[in-house]
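Reviewing the structure listed below.
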Amino acid sequence: MSEIPKHDIVMVGAGPAALTAAIYTTREDIDTLLFERGVIGGLAAVTDVIDNYPGFSTGISGLELADSLRKQAERFGAVIELGEVTALNDEGKYKRLQTTSGEILARAVLVATGSDYNRTGIPGEQEYYAKGVHFCATCDGAFYRDKRLVVIGGGNSAVQETIFLTRYASHIDILARSTIKASSVLVKELQPFIDQGKVSVNLGIKPLEIAGDANGVNKVLATNKEGKKVTFNTDGVFVFIGLKPNSDFLRGSGVKLSDLGFVLTDDNLETNVPGVFAAGDIRSGATMQIASASGEGATAALKIREYLEGRLHSTKVHQLEVIP
Amino acid sequence: MVKDITIFTTGTCAYCGNVKTYLKAKGVGYKEVNLDLEPERRAEAHQISGALTVPVTVVTKTDDSREVIVGYNLAKLAPAIN
């Protein structure tokens, strides 16, 4: 039987947090393997324009930023494997990971799996998935040239993706349950499209069903703030209603999760399992910002290095002794 | 055996990049149809896949049978190119 591959660090995910961490660890010649089951760059990569990542005065496309982070990490020797980690077990010195490419062992693990867009769970959402119901505007918007669209959600993603979709759609109805909660900068960018009549913002709307026929989606049934039934005719629906953590693979690992499924960490970004760290959107308390994820990735990398050198926990003990 | 592969993409689709990266890593060649540059082929992509999304990867085998993979789906893409 062949020996199980061993690595100093395995990073689960290859979004901004993991890619930044990998830049730091590989630059110091620490053997680092990343696993990505989805898209390299994570949700950042499917975002049209990123205007608030430092260093890009005119903004940068998510795809470009992700590609640049990947190239930078690979320049120093990071290896990104396209596959999925399905389970993690702590065996002391090594953590054993089950992956779609077989078992691997790691001295330290960085969990940076990020989040995915939530689903509404209403009838029609699953039935018309990719056939009129979508979660990625940059992937699927091009199919709606001169068509009517509905965007469900009122946060930053909903508004940002609506702005992107205006390049294709003839009209977009935004359906927000309460109010528009996006940043004022994004709302300001949206305003000209509202003024032109290309976008309508509908507040207090609770979607009940996405309906259609053999040709695809043709309407969204909902209730308004008075509780009356309303219908929005549309050719397609894009859903952006918040994020859910990608932490299912940690169930049974012993790593503590919050009630919402985010990973709990201490000040060193280490979980309750020694040698298992977390950074970025998956971490409980994360700000869901790309710049924050990168910063956490850098911090995690430095703390993991301390852990591998046997200094992280000795520092903790020392602190406990001197603090009264 | 694979005869040829065509990927329908758009310029802003990150998952399309993943499919291309994967095929390149496996040393497999492909033709790309960028629907931003060839919008008239959107209907073709829709008709082949039954879906309004990209990437759509069409793997044609030497016996002219065809496998269509919608989205970035390694569980289907990996066996299709072997």
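Read-outs throughout are calculated quantities, based only on the coordinates presented, and are distinct from any laboratory measurement. These figures come from a predicted structure and were not determined experimentally. Using ideal geometry, Cβ is built from the backbone for each residue, glycine included, and neighbour counts are taken over all protein chains shown.
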| note | HN-Hα couplings for the stretch A:72-77 via Karplus (6.51, -1.76, 1.60; θ = phi - 60°), in whole Hz with x for Gly/Pro, come out as 5, 5, 5, 4, 8, x
| message | Restricted to Cα positions, what overall size does the stretch B:2-81 have along the principal axes? Three whole-Å values, descending. | response | 28, 25, 19
| message | As I understand it, the dipole of chain B uses +1 on the Cβ of Lys and Arg and -1 on the Cβ of Asp and Glu, about the Cα centre. Which of B:69, B:27, B:52 lies farthest toward its positive end? | response | B:27
| remark: Calc'd 3J(HN,Hα), the stretch A:30-37, phi into Karplus 6.51 cos²θ - 1.76 cosθ + 1.60 (θ = phi - 60°), Hz, glycine/Pro = x, comes to 8, 4, 9, 10, 10, 10, 10, 8
| If the cut-off is 22 Å between C-alpha atoms, which lysines fall inside it for residue A:6, apart from same-chain ones fewer than 8 positions away? | A:93, A:95, A:303
| message | Check which residues have an amide H placed less than 5 Å from residue A:263's amide H, if you skip close sequence neighbours. | response | A:258, A:283, A:284
| field | Residue with peak Gaussian network fluctuation, chain A [Cα springs, cutoff 10 Å], from A:69, A:186, A:88 | value | A:186
| said: If you take every DSSP beta bridge fully contained in chain A, what fraction is antiparallel? Give it as a percent rounded to 5. | reply: 45
| message | Using amide H atoms built in the peptide plane, which far-off residues or other-chain residues are under 5 Å from residue B:52 H to H? | response | A:131, A:132
| said: Between B:45, B:25, B:14, where does the largest GNM mean-square fluctuation fall for chain B, given springs only between Cα atoms within less than 10 Å? | reply: B:25
| field | Dipole magnitude of the protein assembly as shown about its Cα centre (Cβ charges: Lys, Arg +1; Asp, Glu -1), debye to nearest 20 | value | 520
| query | Averaged over peptide B:3-12, how many Cβ atoms belonging to another chain are found within 10 Å of each residue's Cβ? | reply | 3
| message | Can you list residues from other chains, or at least 5 along the same chain, whose modelled amide H is less than 5 Å from the amide H of residue A:230? | response | A:222, A:223, A:224
| field | Spherically averaged projected area in nm², based on the convex hull that wraps the Cα atoms of the stretch A:137-267 | value | 11.2
| Residue by residue, what Karplus-based ³J(HN,Hα) values in Hz, rounded to whole numbers, does the stretch A:232-245 have, using 6.51, -1.76 and 1.60 with θ = phi - 60° and x for Gly and Pro? | 10, 6, 7, 9, x, 10, 10, 10, 9, 10, x, 10, 10, x
| task | Express in % the proportion of alpha carbon pairs of the protein assembly as shown at distances exceeding 30 Å. | result | 46
